[in-house]
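Before any comments, here is the structure.
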Amino acid sequence: MNKKYNVSKYLAYLFLITVCLIWVVPMIFGFTTSFRSQSEVVNEGFRLLPISWIVDNYMSILENTSSAPILRWIGNSLFISITHTLLVVVVISITGYGYSRMRFKGRDVLFFTLLGISFFPNVVNIIPLYRIVDILGWVNTPWAMIVPGLAGMGNIFLVRQFMKGVPKELDESARVDGASDFTIFFRIVLPLIKPVLIVGGLFSFIGSWNDFLWPVIVYTDVQKMPVTAGLLLLQDIYGNYQMVGQLMGSAILAIIPTLLLFLFAQKYFVSAINLNAGIKG
Amino acid sequence: MDKSKFSHWFFIGPHIILFVVFILIPSIYGVYASFTNWNLMTSPTWVGLDNYRTILTNQDSSFHHEFFNGMKNTLIFVGVSVPLMVAIPLVIASAIEHKKVKFKNFFQSIIYIPGLISISAAALIWSLIFNSQLGMMNNFFGADTVWTATQPYAWMTIFIMTVWGGIGGNMIIYRASISNVSQDLYESAEIDGAGPIRKFISVTLPSIRFPLIYTVVMTTAGAFNVFGQPLMMTDGGPRESTTVLMMYIRDLAFGSGQSIAGMASAMAVLLGMVILIISAAQYYVMNRNSA
């Protein structure tokens, strides 16, 4: 019995270690290549580590602030993602409260109608959305990426579900004591729903940081675009892999912010994904 | 007391405005635009079913060719990537949840991290790996395959990158679901003489059916929107064999020439209908078979 478990244990380890190696090699390869000279890349073939580590690639990336301003792109992305995330947290908390605690006629009908409409595939609305953003004067501004995503229903649904688990007695008794909805919301409910707000915020941050199709459509000004759209231009700028180190260095710089976020908020990520799928972690 | 009658608008009102402006109106307008001739700037002119007729039946039209080629390639992507993006994380999650395996969170993190890398950053790295002269793949295996410009390799690069960057979420869901399965079920299966594979099929899979349904439906719906990987890895080639429908829609509506947003909207509506029908069918079939 024990022996059988041991064989399968080693098989599981072997499998997991193989998969993990396959998973990290591209990242290590990209990372180390960003420290290689072009001649080494061309002449030396595949090596995991550079023969000589150089930082010239990064110097030239950072100097190019006209056609590929990578730091500016990362700055744009940070501004967009952070602002979007903060606004998401505000919107989903007050709206989630409205749909779970306020009493008004047709509340649940309204909620499920909106939820149903939001399942409408968003390929259909992306073209008119561009027109609306254009009319608002938001093309090539951060608002094109910050605001439209606030309309989504997914996180509000999560907050509403989560609030069902918060005992109603708490706000009922406060109401008896004469507290207004605003007091109940800020003093009682908000602190209790913090976990689900962190979840919604985290996903909004990653989603907006990694969004690709929409920024490719809505930004044409190189100085205004977020980093995902910017990197699309690089294959042309750093000519068809004639400047491999610059390409890899740019990719690595673009990866760092979300990687840091993951390292600091790892446990929230796991509970976030499971909460989304309706599993108790 | 009257005041409280309206205070719910303070809570739900702002979002309703956002919803109407950024979801409701664009959705309705997207369907409307599909019946028009529209260049995105001036007001659309009604043409009835003309766009649909052209796309679906006019064999001489480039729109007809683009739609069917794009839909075919999108379906290839969905048909291959979705099974991979369910099966691979499921196997990994089972291995991680093996009773005697340690460092569970470490393995999980390694697999999850590529999901945090944006498509464009990941594609730059993968394009280099598959680069025919400089890439790791050919160097390592001593080959001279032109990966991104020859089939079936072009598709393979897209699938490899997609699986690498896209299975983390599903893996975490499966891992949590598997760890929630009652040990009693496994023990009684063992008493009945079930081996590991038998246990997996008749205990694990039925016990995690709801997360499975959820991930299959969500992964499929997401896969239909594929755009970044083929755009950056193969640029739709060779000979448009990896050009997916989203790429045609974007080119028609936002490409360099005159915008053909009406035609693009009609293609978007058709794609949207396929997504809705397939999601509904999946949900129905899986829910019924596992009930």
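Grouping the Cα pair distances of the range B:62-289 into 10 Å bins from zero gives a pair-distance distribution of 7, 26, 30, 22, 11, 3, 0, 0 percent in increasing distance order. Work the Kirkwood hydrodynamic radius out for the protein assembly as shown: mean of 1/r over every pair of different alpha-carbon atoms, inverted, in Å. Final number for the Kirkwood radius of the protein assembly as shown is 25.7 Å.
Pairs spanning more than 30 Å between alpha-carbon atoms, out of A:K168/B:K99; A:K9/A:K164; A:K9/A:K194; B:K72/B:K104; A:K105/A:K168; A:K164/B:K199: A:K168/B:K99; A:K9/A:K164; A:K9/A:K194; B:K72/B:K104; A:K164/B:K199. Based on alpha-carbon atoms, the Kirkwood radius and the radius of gyration of the range A:63-276 give Rg/Rh equal to 1.06. Across the range A:1-132, the fraction of Cα-Cα pairs farther apart than 27 Å, rounded to a whole number, is 62%.
Sorted on the mean count of surrounding Cβ atoms within 10 Å across their residues, most packed first, peptides A:221-233, B:61-73, B:263-275 read B:263-275, A:221-233, B:61-73. In nanometres, what is the gap between the two model label sites at A:L48 and B:V181, each 7 Å from Cα along Cα-to-Cβ? Reported label-point gap for A:L48 and B:V181 is 3.4 nm.
With a Förster radius of 35 Å applied to the beta-carbon distance between B:H64 and B:I201, the computed FRET efficiency rounds to 0.20.
For B:G237, the residues whose modelled amide H falls within less than 5 Å of its own, excluding neighbours fewer than 5 places apart on the same chain, are B:T242. Counting Cβ atoms of other protein chains within 10 Å of each Cβ in B:246-256 and taking the mean gives 2. Based on DSSP H segments of at least four residues, each scored -39500 (n - 2.57), chain A has a per-residue ellipticity at 222 nm of -22500 deg cm²/dmol. Quick note on the range A:132-174: its Rg to Rh ratio, both from C-alpha atoms and Rh being the Kirkwood radius, is 1.32. Taking 7 Å steps out from each Cα toward its Cβ at A:W143 and A:T113 produces label points 2.8 nm apart. In chain A, the longest principal axis of the Cα atoms and the axis of helix A:194-210 are about 40 degrees apart.
Take each residue in B:166-178, count the other chain C-beta atoms within 10 Å of its C-beta, and the mean is 4.
For the segment B:63-70, counting C-beta atoms of other chains within 10 Å of every residue's C-beta and taking the mean gives 0.
Since every read-out is calculated from the coordinates, none of them should be taken as a lab result. Worth saying up front: this structure is predicted, and the values here are computed from it rather than measured. Ideal geometry is used to build each Cβ from the backbone, glycine not excepted, and the neighbour counts take in all protein chains shown.
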